[in-house]
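One structure is given below, encoded as structure tokens.
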Amino acid sequence: MLEIILLAIGLSMDSLAVSVTGGAVIRECTGRNILKIAIVMGLFQAGMTVIGYGFGKHLRPM
């Protein structure tokens, strides 16, 4: 359970950093842009978790 909590905290800090940077850089803040950024961020975060799980599953000792 501790590992899951630490993973969630790590992913949320990564998302926070990217969101703050994106907000500082984007000039045109429309609902469409916000939705696109949210979808891309969610897909990348989910994808990184799944890829990490897959690598970990195959690297564990038998």
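Given the Cα-Cα distance of residue 33 and residue 50 and 0.36 nm per residue of separation, how much length would full extension add, in nm? Provide the component values of the computation, followed by the final result.
Details: separation 17, 0.36 × 17 = 6.12 nm, distance 2.58 nm.
Contour length minus the Cα-Cα distance gives 3.5 nm.
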Measure off, as a whole percent, the carbon and sulfur share of the 1.4 Å-probe accessible area of the chain, all protein chains present. 75 percent
What does the charge dipole of the chain about its Cα centre add up to, to the nearest 20 debye, if the Cβ of each Lys and Arg holds +1 and the Cβ of each Asp and Glu holds -1? 160 debye
Could you give the nm distance between label points at residue 57 and residue 16, where each point is 7 Å from its Cα heading toward the beta carbon? 3.1 nm
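Would you compute, from DSSP H runs of 4+ residues alone, the mean residue ellipticity of the chain at 222 nm, taking -39500 (n - 2.57) per run and dividing by the full residue count, rounded to the nearest 500? Show your work: numbers first, answer last.
Values: 2 runs with 53 residues, N = 62.
The helix-only estimate for the chain comes to -30500 deg cm²/dmol at 222 nm.
How much accessible area per residue does the chain have, in Å², with a 1.4 Å probe?
Numbers: 5580 Å² over 62 residues.
With all protein chains present, the chain gives 90 Å² per residue.
The values are calculated or read from the model by the stated rules, or taken from the named source; none is laboratory data. As the structure is a computational prediction, the values presented were derived from the model and not from experiment. Using ideal geometry, Cβ is built from the backbone for each residue, glycine included, and neighbour counts are taken over all protein chains shown. Heads up: the accessible areas ignore ligands, DNA and RNA and are worked out on the full protein's heavy atoms, side chains in. Shrake-Rupley method; radii C 1.70, N 1.55, O 1.52, S 1.80 Å.
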